[in-house]
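Below is one structure, written out as structure tokens; the observations come after it.
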Amino acid sequence: MIVALGLSSISDVIIIRDYETNSGYLESLIFSTLSEQQKECIKNFLDCSNFTSKDNHKSIINQIYKMGYPNEPYNYEHPNFKELKDKLKKLYDY
């Protein structure tokens, strides 16, 4: 699509995903950067909760993280954010 529109010289593509599973969304990338303790805590909460729609887990996990860890920002130093940070830095080079 980028080539067809003639935008390849001024654009780029990034696939946001969980780097271990190669699947997911932005929330999957964020979840992949959490500590094992944080992941386990969120998983345990989901397992014992009464959420009726656990299939929509991507937004639920993000909300649980924000509520459970309000004073801990995302770990942007995690290696899984490197590709995204590199692309954003490249934008500032223009």
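The values are calculated or read from the model by the stated rules, or taken from the named source; none is laboratory data. Note that the structure is predicted; figures quoted are calculated from it, not measured. With ideal geometry, Cβ positions are generated from the backbone for all residues, glycine too; neighbour counts draw on all protein chains shown. Each accessible area value is taken on the protein alone, full model and side chains, heavy atoms only, with ligands, DNA and RNA left out. Shrake-Rupley method; radii C 1.70, N 1.55, O 1.52, S 1.80 Å.
Here Leu7 meets each of (1) outside any loop (DSSP other than H, G, I, E, B); (2) open to solvent by less than 90 Å² (accessible area, probe 1.4 Å); (3) at pLDDT 75 or above with one exception, condition (1). Looking across segment 46-88 at every residue that is surrounded by 14 or more Cβ atoms within 10 Å (Cβ to Cβ) and modelled with pLDDT under 80, the one that is nearest to Ile14 (Cα to Cα) is identified as Lys58.
Pairs linking a residue in segment 71-94 that is farther than 13 Å from Ile16 by Cα to a residue that is at pLDDT below 80 and β-branched (Val, Ile, Thr), with Cβ atoms under 8 Å and 6 or more positions apart or on different chains, are Tyr94/Ile10. Tell me yes or no: at least one residue of segment 10-32 is surrounded by 11 or more Cβ atoms within 10 Å (Cβ to Cβ), over 13 Å from the mean Cα position of the chain (by Cα) and modelled with pLDDT of 80 or more. No, segment 10-32 contains no residue that is surrounded by 11 or more Cβ atoms within 10 Å (Cβ to Cβ), over 13 Å from the mean Cα position of the chain (by Cα) and modelled with pLDDT of 80 or more.
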